[in-house]
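Here's the structure we're looking at; comments come further down.
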Amino acid sequence: MGRVPTRVLTIREPRLWFALAVGDIPQVGAGDHLGVDDPLAIRLRHPAVAEAALHGPVAPEPGRRFEAGEALAGHGRNAIRFEGNGSVLYRTSSGRVRAAVSRHQDSLLSPVGGTIEIVEASGIQLRAEGNGLRGVMALGEPSHGRLLVAVEGPEAELRASQVDVSQAGSILLAGSRVDVEALTRARAMGVHGMITGGMIGKDLRDLAASLARQEAALHASPPFALLVMDGYGKRPIPELVWECLVEAAGRDVAISIDPPAAILDAGQTIPSRHPDHVRLVSAEGNGRTGRVLELAGLRRRAGGIPMECARVALTPLVQGDEAEIVEVPLADLERDV
């Protein structure tokens, strides 16, 4: 079955990247071991670039952290001071000092335990303790919480009426699609994240705009993350991913933004798939799984185009029914590992 494309869904000890903006201060070093909710960095909220004239030959070092009103260089009335907290950026050729300044700050917390591998001005890389289930995109902030299965199966949709305050602090497994009303209600109820098979572009844009408005608010809100596992529109969660997440229900699960993934406990094993096990990725029968019986050779498909096909026994939609035998182009099949 080497001619069927393989999609790697599982990541062993995934490397997570936490991007830092100008003025953010790392609180860790390479080699440090962190637990869940340990601080990674101090983030400036709504930072602005401020500058002050330098009176004298000595300038503060780039990257120096300071508090509001602290003298960075000079003495008395000629001392360099800024009205907010921040860090020094650089000295200009005209003799002015520029700094990233903010009146508010918060902490970036690690959603998983792991070891710090890289600390740079642009971000922090952490090797997580656990197994990752790779998604196609994620939106929001890295988060974690107790996983709750909120739908009956991987093809079901999560409705706003199914979200309530009892789910606060949890990660919801939301099925094949979730609309913006359910997302809005979940965030209002204190839910920390959702995992879904697919999303509509308009709903993604609405959520991104809502997250930006909340970030601009004076008071920081709890982190919220949306993880999309399969793609655009209504997409059932891949069978391998669904089985792993259902098994993890009731335990703590994290959502990573870069790479987009769900991070499971290191003690949970990822089931392997038989090489003949495939999933349909075409519009017709999208998401259904089955077993390859044999290669069927060239077959003429829609439009008279000859394509290499295989005979596949599809898993019955209703338990107890007989498997449906179909001929499917190899290009419409995928193996999950």
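Considering region 1-114, the qualifying strands (runs of 3 or more DSSP E), each wholly inside and each with 2 or more residues that are of a type in the set (A, V, I, L, M, F, W, C), run over 15-19, 39-45, 48-53, 85-91, 96-102, 104-109. Do you know which residues across region 303-327 are buried (at least 17 other Cβ atoms within 10 Å of the Cβ) and in contact with a Gly (Cβ under 8 Å, 6 or more places away or on another chain)? CYS309, VAL312, LEU314, listed by residue number. Restricting attention to region 323-337, the residues that are under 16 Å from ARG3 (Cβ atoms) and not in a strand (DSSP E or B) add up to 4.
Within region 66-95, the set of residues being surrounded by fewer than 13 Cβ atoms within 10 Å (Cβ to Cβ) and of a type in the set (D, E, K, R) comprises GLU67, ARG77, GLU83. Listed conditions (1) in a loop (DSSP other than H, G, I, E, B); (2) modelled with pLDDT of 90 or more; (3) of a type outside the set (S, T, N, Q); (4) surrounded by fewer than 23 Cβ atoms within 10 Å (Cβ to Cβ) are all met by VAL191, apart from (4). Does at least one position in region 125-132 carry a residue that is at pLDDT 90 or above, closer than 14 Å to PRO26 by Cα, polar (S, T, N, Q) and in a strand (DSSP E or B)? For region 125-132, residues at pLDDT 90 or above, closer than 14 Å to PRO26 by Cα, polar (S, T, N, Q) and in a strand (DSSP E or B): present. Exactly one residue out of ALA99, ALA53 is loosely packed, with under 13 Cβ neighbours inside 10 Å and at pLDDT 85 or above: that is ALA53. Taking into account only those residues within region 273-320 that are of a type in the set (Val, Ile, Thr) and in contact (Cβ under 8 Å) with a residue 60 or more places away in the chain, which is farthest from ALA156 (Cα to Cα)? Checking each candidate, the answer is VAL292. Return yes or no: is THR289 under 24 Å from the mean Cα position of the chain (by Cα), outside the structural domain of LYS202 (by TED's automatic domain parsing) and hydroxyl-bearing (Ser, Thr, Tyr)? For THR289, the condition - under 24 Å from the mean Cα position of the chain (by Cα), outside the structural domain of LYS202 (by TED's automatic domain parsing) and hydroxyl-bearing (Ser, Thr, Tyr) - is not met.
Of all residues in region 220-234, those satisfying the criterion of being out of contact with any helix residue (DSSP H, G or I) (no Cβ under 6 Å at 6 or more places or on another chain) and within 19 Å of ALA186 (Cβ to Cβ) are ALA220, PRO222, PRO223, ALA225, LEU226, LEU227, VAL228, LYS234. In this entry, VAL180 passes the filter for residues that are surrounded by fewer than 20 Cβ atoms within 10 Å (Cβ to Cβ) and more than 25 Å from THR269 (Cα to Cα).
Would you confirm, using the coordinates I've provided, whether HIS75 is without any contact (Cβ under 8 Å) to a residue 40 or more places away in the chain and out of contact with any Phe, Trp or Tyr (no Cβ under 9 Å at 6 or more places or on another chain)? Yes: the conditions hold for HIS75.
Could you tell me whether ARG251 is of a type in the set (Lys, Arg), closer than 30 Å to LEU16 by Cα and in contact with a helix residue (DSSP H, G or I) (Cβ under 8 Å, 6 or more places away or on another chain)? Spelling it out, it is not the case that ARG251 is of a type in the set (Lys, Arg), closer than 30 Å to LEU16 by Cα and in contact with a helix residue (DSSP H, G or I) (Cβ under 8 Å, 6 or more places away or on another chain).
Kindly establish whether SER122 is within 14 Å of the chain's Cα centre (by Cα), polar (S, T, N, Q) and in the same structural domain as ALA68 (by TED's automatic domain parsing).
No: the conditions fail for SER122.
Residues considered: SER161, SER143. Of these, the only one that is surrounded by fewer than 22 Cβ atoms within 10 Å (Cβ to Cβ), at negative phi and polar (S, T, N, Q) is SER161. Which of the residues that make up region 194-206 are crowded, with 17+ Cβ neighbours inside 10 Å and over 14 Å from GLY233 (Cβ atoms)? Passing the criteria: MET194, ILE195.
The values are calculated or read from the model by the stated rules, or taken from the named source; none is laboratory data. The structure displayed is predicted, hence computed values, not measured ones. Please note: Cβ atoms are built from the backbone with ideal geometry, for glycine as well, and neighbour counts cover all protein chains shown.
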